[in-house]
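Okay, so here's the structure we're looking at.
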Amino acid sequence: MSAPQAPVQRADFDQVMVPNYAPAAFIPVRGAGSRVWDQAGRELIDFAGGIAVNVLGHAHPALVGALTEQANKLWHVSNVFTNEPALRLAHKLVDATFADRAFFCNSGAEANEAAFKLARRVAHDRFGPEKHEIIATVNSFHGRTLFTVSVGGQPKYSDGFGPKITGISHVPYNDLEALKAQISDKTCAVVIEPIQGESGVVPADVAYLQGARELCDKHNALLIFDEVQTGVGRTGSLFAYQHYGVTPDILSSAKSLGGGFPIGAMLTTEDLAKHLAVGTHGTTYGGNPLACAVANAVLDVVNTPEVLAGVKAKHQKFKARLEQIGEKYGLFTQVRGVGLLIGCVLSEAWKGKAKEVFNAAEKEGLMVLQAGPDVVRFAPSLVVEDADIDEGLDRFERAAAKLTQA
Ligand SMILES: *Cc1c(COP(=O)(O)O)cnc(C)c1O
């Protein structure tokens, strides 16, 4: 038994934490499936999924089992040794995707950091130092390390931290002509989110991704898909590139991959992977046995026809009801997204007020997400029960009714 814990409250956050977040007024303490309970015992339905992370909801028995079994065996050995869960996970990812090789780390930012460093290294080795330019898209999000905010297309995240990483340009998303005008033989990589997540749930057009693939091939540039948010079943395919039928050279994954346990992965081909030779890159925790044991269990459950088909069915259920609510209350004009990554685009009258919708939903006992100020985002568990979808959307409708009457 552990020692008794001192009581803590939300107010403690403002005393002892770095103030870079503004957490909600309540503290969740327990979860089961798509329900969460706070300190006061209030129950909420979770359509946020820890920002597209809790892919199988809370305390899924398969994940709890995998974690506790591994916890009793071996926690950590570093990369001076390899370990069984990491090798099993790599086999699973290689078998299920275009990739021949996996690199494990602890977050989406680190998976992208590895992807960008690999792309620059490949170009350096094959063509020399001139070929180092990275093309990313306006409004994109790739993480919060200095390299990844520099590549990300939102200056509010990269300004004010001194010199940024250079050799990076940003072109409008879903605009093939703009990419064509920017790409050159100095381009080492083009990085695209198949669906822009953080900036509003904006899906790519198939023709855009196909065109980007062709342009990259023409200029010996690598195509990187940031699938940190779209990967691991979220779109109803294991990865969004499979949904689109356009294959990248490098893919980054995180968020849902660990179902709530921190892990990231960079996937690539044999030919490219060999450029990260011994000593060129690394991380102490990457491929940690606990994280990999959980990710193995996540893939075993998610990468099945039942769960993936379920995502498509649940998408229809969400979309139909959300469109109805949006129209009835004049709250939003469009419901977009793929699978269980859904964005409701606020109408003119509610533009900029996604936070108010978030607050209204919370008051009714529902957790949702924003994706920028103009979009309300839903990223629930892929196995959310139909009854929870109905009850959660009832709560959302009550929130919409109160908000628009006020
Ligand atoms: C969340 C996210 C990241 C960053 O992942 P972290 O685990 O927060 O570092 C990168 N890219 C995309 C597309 C994301 O949604």
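The values are calculated or read from the model by the stated rules, or taken from the named source; none is laboratory data. Every value quoted in this text rests on a predicted model; they were computed, and no experiment measured them. Don't worry about glycine lacking a Cβ; one is built from the backbone with ideal geometry, like all the others, and counts go over all protein chains shown.
Structure summary
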quantity	calculated
Number of positions in the stretch 373-406 that are under 28 Å from Gln154 (Cα atoms) and out of contact with any helix residue (DSSP H, G or I) (no Cβ under 7 Å at 6 or more places or on another chain)	1
Whichever residue in the stretch 76-95 is within 22 Å of Tyr244 (Cβ to Cβ) and surrounded by 15 or more Cβ atoms within 10 Å (Cβ to Cβ) and, among such residues, is nearest to the chain's Cα centre (by Cα)	Leu93
Val311 vs. criteria touching a Leu at 6+ places or on another chain (Cβ under 6 Å), part of a helix (DSSP H, G or I) and closer than 30 Å to Trp75 by Cα	no
Flag for Thr283 being within 16 Å of the ligand (Cβ to nearest atom) and surrounded by fewer than 19 Cβ atoms within 10 Å (Cβ to Cβ)	yes
Close pairs from the stretch 255-268: first without any contact (Cβ under 8 Å) to a residue 12 or more places away in the chain, partner assigned to a loop (DSSP other than H, G, I, E, B) and within 10 Å of the ligand (Cβ to nearest atom), Cβ under 9 Å, at least 6 apart	none
Any hit, the stretch 377-389, residues being surrounded by fewer than 19 Cβ atoms within 10 Å (Cβ to Cβ), in contact with a Phe, Trp or Tyr (Cβ under 6 Å, 6 or more places away or on another chain) and without any contact (Cβ under 8 Å) to a residue 60 or more places away in the chain	no
Top-ranked residue in the stretch 341-371 [being touching a Gly at 6+ places or on another chain (Cβ under 7 Å), of a type in the set (Gly, Ala, Ser) and not in a helix (DSSP H, G or I); ranked as surrounded by the fewest Cβ atoms within 10 Å (Cβ to Cβ)]	Ser347
When residues of the stretch 27-55 are limited to those that are of a type in the set (A, V, I, L, M, F, W, C), touching a residue at least 40 places away in the same chain (Cβ under 8 Å) and in contact with a strand residue (DSSP E or B) (Cβ under 9 Å, 6 or more places away or on another chain), the one nearest to Asn303 (Cα to Cα)	Ala52
Of residues in the stretch 62-93 being free of Cβ contacts under 8 Å to residues at least 60 places away in the same chain and among the β-branched types (Val, Ile, Thr), the one nearest to the ligand (Cβ to nearest atom)	Val64
Candidates Val232, Val228, Val301 - the one that is modelled with pLDDT of 95 or more, touching a His at 6+ places or on another chain (Cβ under 9 Å) and either assigned to a loop (DSSP other than H, G, I, E, B) or of a type in the set (Asp, Glu) (or both)	Val228
Candidates Phe116, Phe104, Phe26, filtered to the one that is outside any helix (DSSP H, G or I) and within 16 Å of the ligand (Cβ to nearest atom)	Phe104
Residue check for Phe261: in a strand (DSSP E or B), within 15 Å of the ligand (Cβ to nearest atom) and in contact with a helix residue (DSSP H, G or I) (Cβ under 8 Å, 6 or more places away or on another chain)	no
Identity of the residue in the stretch 314-340, within 20 Å of the chain's Cα centre (by Cα) and assigned to a strand (DSSP E or B), that ends up surrounded by the fewest Cβ atoms within 10 Å (Cβ to Cβ)	Arg336
